[in-house]
Amino acid sequence: MNPVKVKRLIVRGVCFLAVVAVSLLAVDAGVTTSASGPGKDIAKQEPQVLQNHQKHQEHKELQALLDAAKPGDSLILKEGVYEGPVVIDKRIVLRADKPGGVILRNNSSRPALSIQGDGVEVEGLSIQDISVKENATVLVSGQRVILAGLHILTGADGIAIRDAHDGTIKDTVIQWAPKGVRQANKGNGIDLYNAHRWTLTGNEITDVHDGIYMENSDDALVSGNVLRLSRYGVHCMYTKGTVIENNEGDRNVTGAMVMTARQVSVVGNTFTKQSENVNSQGILLYDAHETSVKDNRVDGNRVGLYIEQSTLNKVAGNSVSYNFIGLQLLESDDNEITGNGFVGNVADAQARGSRSNSISGNYWDGFQGIDADGDGSSDISYAINPFFQGLTQKRPPFQLFFQSPGMVFLEGLYGGDSSGWARDSAPLMAPSPESLQSAERSEGDAASALLGLALLGCASLLFFGMRRVVQ
């Protein structure tokens, strides 16, 4: 055959395979072209920092405009670049005439925007404050402040709230800007300290230290936020009455960290792919008490649910699938764990020093039960073997042998006296429909990716193999 014709056939074949791969991935994943919120896919965006003014655009003296405003005034900013830092010390409304068209740029070590007045509202500004520094980009010390529709590129804490209460942050994008900074040295996206009754909704936070950090800050509502590529997506310490609901955490070290806290509600969230760090978890409770963890989807993490030194918590109705470890329960008692679905995890559960918990009615797909009376629950309890946790507590390097054949064999031998083990008294024989749907979504995503890689690999091998034949 003519070598030119052979090359043409090869190219056509490779193109056909590529189109098939893309089509299959799109159909399987349910690809949509609609926008996904204020920042769309901000995880893939590069920070765009305006270095020069637009043609014929002059510097705006924003501080002078603020100083001239009277309490209760509304200041509508025309499109352009305004220089920071600025301070608002009275009750005014500061709004961009065109969302995204007003840029507040700050090159100083001070906050780009300091809000000291009560009842201040700021809406629609883009704030560029990209030098690494101690002071937050936006510093709030006034009461009842509303921040809405901001787009913040920061080299510090994006928004810091100090000794201020009853405020709102909504529909705001916060993204770390400087390159080459270790995660431990980055600032938090939203940082609350001694700030009670704040509402944080619909925000997108990417590549910071902690996405939303709350300390000594009670009764906060954290709802509908997207938190990516940070240490802890949501992190609360020494708080009471915090509500963490309907958020999405992706590729953080830990999705939600509830530590030394009481009466926290973690409901309806999705935490996926927290697996790149040896300390990664989907949801972590440490020294947490009277907390409710319900109806969350926790998929593809190192540990799905991690509970340590925690009591009187209720963990119910969660879908925990395709994690390395579904549940870790350490030195924790008097918790209620019921109605959860553990599907496709490498290890369903591990426990140590957690004898007096109420565990029943969960589905463990690694457990084979017997249902003689047909009530849907196993007549045999599911005992959580503590051997691996006890061994690695004394010899941490043995974690390298997680689920190895030898370790599984030793666990099987360690079953003489199981009276003190944590156990599910009535494990379900079949998962709930919600657990199955979640598992199918995770499995479908993984299958789509593997199919695409396989087709791409085949195309590459075909191309290079035939290229040698033609030559």
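Looking for something under 19 Å from the mean Cα position of the chain (by Cα), not β-branched (Val, Ile, Thr) and not in a strand (DSSP E or B) - is there at least one such residue anywhere in segment 142-156?
Within segment 142-156, not a single residue is under 19 Å from the mean Cα position of the chain (by Cα), not β-branched (Val, Ile, Thr) and not in a strand (DSSP E or B).
Which of the numbered conditions does Lys133 fail, given that it passes all the others? Conditions: (1) within 19 Å of Gln175 (Cα to Cα); (2) crowded, with 24+ Cβ neighbours inside 10 Å.
Just one mismatch for Lys133, condition (2).
The conditions are (1) of a type outside the set (Ser, Thr, Tyr); (2) closer than 13 Å to Ile190 by Cα; (3) in a strand (DSSP E or B); (4) open to solvent by 10 Å² or more (accessible area, probe 1.4 Å), and Gln128 fails exactly one of them. Which is it?
Single failed check for Gln128: (2).
Just name the residue that is surrounded by the fewest Cβ atoms within 10 Å (Cβ to Cβ) out of those in segment 246-269 that are within 12 Å of the chain's Cα centre (by Cα) and not in a loop (DSSP other than H, G, I, E, B).
Residue satisfying both the conditions and the ranking: Glu248.
Would you please name the residue that is farthest from Pro178 (Cα to Cα), looking only at residues in segment 104-121 that are surrounded by 24 or more Cβ atoms within 10 Å (Cβ to Cβ) and among the hydrophobic types (A, V, I, L, M, F, W, C)?
Once the filter is applied, the top-ranked residue is Ile115.
May I ask you to say which residue of Val264, Val243 is closer than 22 Å to Ser354 by Cα, without any contact (Cβ under 8 Å) to a residue 60 or more places away in the chain and not small (Gly, Ala, Ser)?
Checking each option against the conditions leaves just Val264.
Among the polar types (S, T, N, Q), modelled with pLDDT of 95 or more and more than 16 Å from Ile161 (Cβ to Cβ): which single residue out of Thr254, Thr239 fits that description?
That would be Thr254, the only listed residue that is among the polar types (S, T, N, Q), modelled with pLDDT of 95 or more and more than 16 Å from Ile161 (Cβ to Cβ).
Only residues that are hydrophobic (A, V, I, L, M, F, W, C) and closer than 18 Å to Thr239 by Cα: list them for segment 161-208, please. Outline the logic, then answer.
Narrowing segment 161-208 to residues hydrophobic (A, V, I, L, M, F, W, C): 161, 164, 169, 173-174, 176-177, 181, 184, 190, 192, 195, 198, 200, 205, 208.
Matches in segment 161-208: Ile161, Ala164, Ile190, Leu192, Ala195, Trp198, Leu200.
For segment 322-340, check the following and say yes or no: at least one residue is open to solvent by 10 Å² or more (accessible area, probe 1.4 Å), among the polar types (S, T, N, Q) and not in a strand (DSSP E or B).
Scanning segment 322-340 turns up no residue that is open to solvent by 10 Å² or more (accessible area, probe 1.4 Å), among the polar types (S, T, N, Q) and not in a strand (DSSP E or B).
Quick check, is Gln183 open to solvent by 10 Å² or more (accessible area, probe 1.4 Å), more than 10 Å from the chain's Cα centre (by Cα) and not assigned by TED's automatic domain parsing to the domain that holds Asn323?
yes
Looking for whichever is open to solvent by 30 Å² or more (accessible area, probe 1.4 Å), more than 10 Å from the chain's Cα centre (by Cα) and small (Gly, Ala, Ser) here; the options are Gly241, Gly224. Which one fits?
Being open to solvent by 30 Å² or more (accessible area, probe 1.4 Å), more than 10 Å from the chain's Cα centre (by Cα) and small (Gly, Ala, Ser) holds for just one of Gly241, Gly224, which is Gly224.
Cβ-Cβ under 6 Å, sequence separation 6+ or interchain: first residue in segment 354-373 and closer than 30 Å to His289 by Cβ, partner of a type in the set (Phe, Trp, Tyr) and open to solvent by less than 60 Å² (accessible area, probe 1.4 Å). Which pairs?
That search, which allows pairs on different chains as well, returns Trp364/Phe342; Trp364/Tyr382; Phe367/Tyr382.
Between Asp218, Asp287, which is open to solvent by 10 Å² or more (accessible area, probe 1.4 Å), part of a strand (DSSP E or B) and not β-branched (Val, Ile, Thr)?
Answer to the check: Asp287.
Residues of segment 290-303 being part of a strand (DSSP E or B), within 19 Å of Val343 (Cα to Cα) and open to solvent by 10 Å² or more (accessible area, probe 1.4 Å), which ones?
Here is the first cut: in segment 290-303, the ones part of a strand (DSSP E or B) are 292-294, 297-299, 303.
So of that shortlist, the ones also within 19 Å of Val343 (Cα to Cα) come out as 293-294, 297-299, 303.
Within segment 290-303, Lys294, Arg297 meet the criteria.
Whether any residue in segment 197-204 is within 20 Å of Asp295 (Cα to Cα) and free of Cβ contacts under 8 Å to residues at least 40 places away in the same chain is what I want to check.
yes
The values are calculated or read from the model by the stated rules, or taken from the named source; none is laboratory data. Note that the coordinates shown come from a computational prediction; the quantities given were computed from them, not determined experimentally. Glycine also receives a Cβ, built like all others from the backbone with ideal geometry; neighbour counts cover every protein chain displayed. Side chains are part of the model used for accessible areas, which takes the heavy atoms of the whole protein and leaves out ligands, DNA and RNA. Shrake-Rupley method; radii C 1.70, N 1.55, O 1.52, S 1.80 Å.
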